């Protein structure tokens, strides 16, 4: 293999590892931020009311989900390029990318959705204890559910784009 194509593949692999690490870091941040906001929002400080933080929790979790989806897309995009368009990768590597693409591990996305829904439900129960106007609570719940549904639809739609053929000019 020539020096330049080898350097390109090395950079591609390093980029893929970087995005996998970023994805994992966003998962950890999602846990830490939601737990931290639950703790702060539920705290009973006599002079400060921190309960409005409870309204933010589902949206912080969804923001993390969007970053997780973005990093996941970048990893899969690199794999798709190696599989279909990289002239310098070996046949075994292409076959590996084909196999990984066909037999993806489906529980990671499901786990992220379940965690976001648990965060939403826990937030709803916590907010319900502090709310005085039920209409505000219903509007907040609807916005939270719609935002959750849209973010997971967006994640699914962007992954679906990778399945569509693309041409490199």
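The values are calculated or read from the model by the stated rules, or taken from the named source; none is laboratory data. Source: prediction; values computed, not measured. Note: ideal-geometry Cβ built from the backbone for every residue, glycine included; neighbour counts use all protein chains shown.
Between 127, 119, the distinction of being more than 24 Å from the chain's Cα centre (by Cα) and in contact (Cβ under 8 Å) with a residue 40 or more places away in the chain belongs to 127 only.
Of the helices (runs of 4 or more DSSP H) lying entirely inside segment 33-139, those containing at least 3 residues that are exposed (fewer than 12 other Cβ atoms within 10 Å of the Cβ) are 91-102, 107-130. Regarding segment 140-163, can at least one residue be identified that is under 18 Å from residue 53 (Cα atoms), loosely packed, with under 12 Cβ neighbours inside 10 Å and either in contact with a strand residue (DSSP E or B) (Cβ under 9 Å, 6 or more places away or on another chain) or modelled with pLDDT of 80 or more (or both)? Yes, some residue in segment 140-163 is under 18 Å from residue 53 (Cα atoms), loosely packed, with under 12 Cβ neighbours inside 10 Å and either in contact with a strand residue (DSSP E or B) (Cβ under 9 Å, 6 or more places away or on another chain) or modelled with pLDDT of 80 or more (or both).
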